[in-house]
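Just so it is clear, none of the values below were taken in a lab; they were calculated from the coordinates. Since this is a predicted model, take the numbers as computed values, not measurements. Reconstructed Cβ throughout: ideal geometry from the backbone, glycine too, with neighbour counts over all protein chains shown.
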Amino acid sequence: MRWLLQTLAVARVFLRRYLFHPVNLAATLVLPVMIALIFGSADERAAMNLPLGAVVEGASPSGEQFIDTLEAEPGVTVRMFEDRAQLLRAVRRTDVVGGVVVPEGFDAAPGGAQVLLIADDGDPLHAAAGIVTTAVAGRFGADPATYMDRIEIAPALASEGGRSLGFPRAAAGMLVYWVFANAMFAAALITEDRRRGMLSRLASTPTPAMSIVVGEVGGRFFVALGQSIVVAFVSSLVLGTAWGAVVPLAAVLITASAVAAGLSVLLGVSLRGPTTQSATAALAAAGVLGLLGGCFWATDFVPPVMRTVAKLTPHAWVIDALDELVAQNAGVVDIAPQLAVLGLLAVALVVLAAARLRHALLAPVAAT
Amino acid sequence: MKVGGAGLGGTVRGSWILLRRELAQLVRDPIAILTILVAPIVIAVIASVSLGAERSFDVTIAVSGVDEESVATAIDSAKGQADIDIIVIPPHSAEEVIRRGDADAAVVVTESADGPSAIVLGAVGAEMATSVAASVARTAVAQPLTEAVAVERVAPGRAPLGGSEIYGPVIAVFIVLFGVGFVARSLHSERQQGTLIRLLASPISPTAVLISKGALMFVVGVVEFLAIIFTTTIWFGADWGDPLSVALVTVLVVLLSIAIATAIAGFSRSSAQALALEAAVALTLVGVGGHMVPMRNLPDIAAIVARYTPNGAAIDAFAEVSIGSSLGVIAGRLLIVVAFTLVIGIAGAVRIRKVLVS
């Protein structure tokens, strides 16, 4: 009982130091949802929108009609330009993913009319723009009543190997990034305690080393888990993100939080130097891990080597599991490989962190 | 040793000596080297490799129903260079095929008294393939097809901006903006340690102290930019465009960061406040300035706002320089950067002098 109270006291001290700081609170609760909103809305547009540029050269009612037909296609938005030079610039700048030029004399050539499509065949979005433009060109002149309301698009289906896009993907990426970034930033608190001799003073009290170790890891675990739950809940409310079934989601969030807590303590006892330097180094490492692990973009679109590298980070395993919950409606059994990897990693990190923290506690002041 | 003295010459000499001291400290600090030189390169490499990969529109579309051949023909004739596989599936199996992951989208054509119609199904994450399939399905059922228009494909000449050309400038501006707090933190730290008051008691003027900090930031900012420019150019073949124009935009962005740093130092009272202000300013600018995603994917209003932020205008200017636009084209963007720099810089300079003198 006494041991438990001592452990809780250590955890409570950490929680008070960490959570009572406005910047930490913002980074824990507000920023993940805000950035997910920016990423998510952009990702939704990237996944579903085909922004095309267009120029109608000369007065051409048929040309205008062609552009109107193009704009009525699913997902297509058309931005008009004054001339070809401006359109070409927009294509090169990637402001649009293809440019349609309706040349002068389009009206005068019924049956033999032609439009130009400025597109780079090497780009997948340009290829999609080419297909849609060709499809519209292929039916131009047909009675819209025979095709406009005759095609129904059904709601998207979860599928094996499917991957989420838009808000769900962005929310998952930001949840994982900020859980690990905040945990790694919190590592600096242990570095500060070491420098100020707090760990040594703590070790000289009757508090057992194991209470300190469990308290430090436990405090971080509850911050990470609490943040995950809040971000998942708020993003469901604000962004409409569906996270799949509760039990597998809970399993993912618990294992991810345990990995983050272990990593935080291990990093804290491993870093040297002033607190601000340790915090900077921890944040830089968090950024690199987030980039590699697919927090900011889907690893499905990166080269195979980067996909392999991503698997070296815990982030990629968490995102992979969350992705399966959202896009494939997966259960605990389906995500067992990811949970096993995260579980093993959590155990390894916590054991290693505990051993090093114990060592730091028991070491003489000069050595710490 | 007399290092300062009155007048402009004294200020310059004092600034130079302080700058040399700061630079000497910086190059001996492994964390500083990590954040100034290594982190920008690592981030540029990761982003360029990840986002610059060659991709194709590689999808599988399943077709079934009464007029499956016409849908397959319509897809085949429209696909151009795209890598589209067409599979013909038995009726009523479209949903199963999608759920199994055997196809990204499926077109099921049905016949009614009014003529053919179709349902298009797609997998989560394959929304673009679903839209494209719907477009082609419309063509397959359209009647009558008498005035079809030919589409001639034309290459855009210079290829559209690649991953490293889009994200190189984005990362460079991002890194410089996130480094603005270190001057403020360094000033507050010197104040807390008492070295600042001793420095100001010497013949070195407050102006010389400020100029040395600004010069240090300038050097650091330019080094960060150069690291990213060289990395993306040499490893990934990024074309940043005319070197003089690139240099001009770079210098203006670095001056902007110095102005923001001065303001943060002037308006914060401690290292902790400086850190909080730095995070707030940098994250706001990065979020609003359209750093994180291509501008075309932002909602319209967000794209307009992004272009009028100093960092958004600078990134836009880099994109224009990269595709070969002249200085005249980017003049408006540069004016936005200069205007922000002047307003923020002057406010910060007035404030920080008071802080230093007090």
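As a length-normalised measure over Cα pairs under 8 Å and 6 or more apart, the relative contact order of chain B settles at 19 percent.
Summing Cβ point charges (Lys, Arg +1; Asp, Glu -1) relative to the Cα centre of the range B:58-154 gives a dipole of roughly 140 debye.
Quote the relative contact order of the range A:198-313 in percent (integer), defining contacts as alpha-carbon pairs under 8 Å separated by 6+ residues.
Working: 48 pairs, mean separation 23.0, N = 116.
RCO, the range A:198-313: 20 percent.
Charge tally around B:Asp114: other residues with Cβ under 13 Å, Lys/Arg +1 each, Asp/Glu -1 each, net -2.
Just going by the charge dipole of the protein assembly as shown, with Lys and Arg at +1 and Asp and Glu at -1 on Cβ, which of B:Pro116, B:Thr250, B:Gly162 is farthest out on the positive end? Checking the options against the dipole of the protein assembly as shown, the answer is B:Thr250.
Within 10 Å of each Cβ in B:156-167, how many Cβ atoms from other chains are there, averaged over the peptide? Working shown, then result.
Values: counts 13, 5, 4, 5, 16, 5, 3, 1, 0, 2, 2, 0.
Across B:156-167, the average partner-chain Cβ count within 10 Å equals 5.
Note down the magnitude of the dipole of the protein assembly as shown about its Cα centre, charges +1 on Lys and Arg C-beta and -1 on Asp and Glu C-beta and zero elsewhere, to the nearest 20 debye.
Numbers: 47 positive and 55 negative charges, 1254 e Å.
Approximately 6020 debye in magnitude.
Which order results if A:Glu73, A:Glu82 are arranged by neighbouring Cβ count within 10 Å, fewest first? Can you show the working numbers first?
Working: A:Glu73 20, A:Glu82 8.
The fewest-first ordering by Cβ neighbours comes to A:Glu82, A:Glu73.
Projecting the Cα atoms of A:Gly63, B:Ile75, B:Ala238 onto the charge dipole of the protein assembly as shown, computed from C-beta unit charges around the Cα centre, puts B:Ala238 farthest toward the positive end.
Of all DSSP beta bridges in the protein assembly as shown, what percent run antiparallel (nearest 5)? The antiparallel proportion sits near 30 percent. Around the amide H of A:Ile151, modelled in the peptide plane, lie the amide H atoms of B:Ala118, all under 5 Å away and 5 or more residues distant in sequence or on another chain. Counting other Cβ atoms within 10 Å as a rough exposure proxy, the listed residues B:Lys354, A:Lys311, B:Lys79 run B:Lys354, A:Lys311, B:Lys79 from fewest neighbours to most. Both the radius of gyration and Dmax for the range B:58-154 are 13.2, 42 Å, in that order, over alpha-carbon atoms. The GNM of chain A, with springs linking C-alpha atoms under 10 angstrom apart, assigns the highest mean-square fluctuation among A:Gly268, A:Gly122, A:Gly141 to A:Gly122.
Going from the residue with the fewest nearby Cβ atoms within 10 Å to the one with the most, A:Thr191, A:Thr146, A:Thr133 rank A:Thr146, A:Thr191, A:Thr133.
Determine the percent antiparallel among the DSSP beta bridges restricted to the range B:58-154, to the nearest 5.
The antiparallel proportion sits near 40 percent.
When the Cα positions of A:Ala47, A:Pro22, A:Gly75 are compared along the charge dipole of the range A:1-93, A:Pro22 comes out farthest toward the positive end, with charges on each C-beta of Lys, Arg, Asp and Glu.
Tally the DSSP beta bridges in chain B and give the antiparallel ones as a percent, rounded to 5. Display every interim value, and only then the final one.
On the way: 8 of 19 bridges.
Close to 40 percent.
For B:Lys213, a cut-off of 13 angstrom between C-alpha atoms picks up these aspartates and glutamates, skipping any fewer than 8 places away in its own chain: B:Glu22, B:Glu190.
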